[in-house]
1. With respect to the numbered conditions (1) more than 18 Å from the chain's Cα centre (by Cα); (2) modelled with pLDDT under 95; (3) within 26 Å of A261 (Cα to Cα), which one is the sole condition not fulfilled by G72?
2. What are the residues in region 49-60 that are open to solvent by 20 Å² or more (accessible area, probe 1.4 Å) and either in a helix (DSSP H, G or I) or not small (G, A, S) (or both), if any?
3. Of everything in region 201-226, what is among the aliphatic types (A, V, I, L, M), open to solvent by less than 20 Å² (accessible area, probe 1.4 Å) and touching a residue at least 40 places away in the same chain (Cβ under 8 Å)? Give them in sequence order.
4. Count, please, the residues in region 184-226 that happen to be of a type in the set (A, V, I, L, M), part of a helix (DSSP H, G or I) and more than 13 Å from L249 (Cβ to Cβ).
5. So in region 250-273, with the set limited to residues that are open to solvent by 30 Å² or more (accessible area, probe 1.4 Å) and of a type in the set (A, V, I, L, M), which one is farthest from V142 (Cα to Cα)?
6. Looking at (1) open to solvent by 40 Å² or more (accessible area, probe 1.4 Å); (2) in contact (Cβ under 8 Å) with a residue 60 or more places away in the chain; (3) of a type outside the set (V, I, T), can you tell me which one E244 breaks?
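The values are calculated or read from the model by the stated rules, or taken from the named source; none is laboratory data. Here the structure is a predicted model, which is why all the values come from computation and not from measurement. A quick note on method: Cβ atoms are made from the backbone with ideal geometry, for glycine too, and the neighbour counts reach across all protein chains shown. Areas reflect the complete protein model, heavy atoms only, side chains present, ligands, DNA and RNA absent. Shrake-Rupley method; radii C 1.70, N 1.55, O 1.52, S 1.80 Å.
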Amino acid sequence: MTDGTHTDTGTDVGTDTGTGERAAARRMWHLLEPVHAVVYYAPEAYEEAAALGYGTAERWPAYFAWRAAPLGPAGAEETTAAFHSFSPDMVARYVPESWRIAAPDAVLAARTRAVTRTYAALLGPGADTPGVAEAATLARRVAGAAVPAGPLSAANVALPWPGEPAAALWQAATVIREHRGDGHLRALREAGLDPVESLVSFAAIGAAPPEVFASRGWTPAAWEAARSRLAARGLVEAAGAATEAGRELRAQVERRTDELAAEPWRVLSDDEREHLAKALEPFWVAAIGSGLLPGVNTLGIGKV
């Protein structure tokens, strides 16, 4: 998915957070995202979802349940706002039906089992070592310093911590990535990009092909209407590629996202961050090496 590198472009936006701090936050995101995301694709997670009663012919019933459960029995409108990039119609197909199948507390318990089983399968005995416990402790310190930036980070921060080190590391990774995600939504709003415009403008800079973003459920008509709005603002060309202004706007969004994401990482020293990065290697190598994760992703990891 990524080699963890990042080239910063342009000047700082908003509060002055140094280039080094922004780059560190992005690097750690690249390392932690596979740790978090592999559970959405793991066979062990599908088994736990099926045991609750969710359909597993596609990944979305379990995905919406796993990710939205910290919000409690949220409705479609609340979930759509929290997830941002999914079309309201797509969210409404799965929420609140998710909570008629299983209560959020039952989903959260099954999610922890899914995480524990997934990493036991990926790492074998390596999932229960002092190094994993140490990584969990360091990541948990960062998660504890993440002041909630929106509904998903707030909901995940409030959850009790699992006892198993691998599950605790996953939960810390989830708090950190949802904190980053909530900050990213703030950056998109500041840039004047609505949910579908956010995807169209991201595709326009080559983060992923437009067909990859079809997974978010927007109709071709909604996509084209968003492209027309961005073209009227001078952000994309008629064929869909970003203009120079469009690329700069997306660069500002990424810088702002990194800036907001950097705050909790200050709780660790540079040496501690390096120690955590080293401890995370077996996890992200196993996640990527599993073949479960898509090679091209809607987050643009490895592209932006």
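1. The number of the failed condition is (2).
2. Selection gives A50, A51, L52, T56, E58, R59, W60.
3. The answer is A204, A207, A208.
4. First, the residues of region 184-226 that are of a type in the set (A, V, I, L, M): 185, 187-188, 191, 193, 196, 199-200, 203-205, 207-208, 212, 214, 221-222, 225-226.
Now drop any that are not part of a helix (DSSP H, G or I), which leaves 185, 187-188, 196, 199-200, 203-204, 212, 214, 221-222, 225-226.
This time we only want the ones that are more than 13 Å from L249 (Cβ to Cβ), so: 185, 196, 199, 203, 212, 214, 221-222, 225-226.
Qualifying residue count, region 184-226: 10.
5. L260
6. (2)
Okay, residues lined up against (1) assigned to a helix (DSSP H, G or I); (2) in contact with a Ser or Thr (Cβ under 9 Å, 6 or more places away or on another chain):
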position: V107; (1), (2): yes, yes
position: T112; (1), (2): yes, no
position: L123; (1), (2): yes, yes
position: A139; (1), (2): yes, no
position: A149; (1), (2): no, no
position: P162; (1), (2): no, yes
position: A168; (1), (2): yes, yes
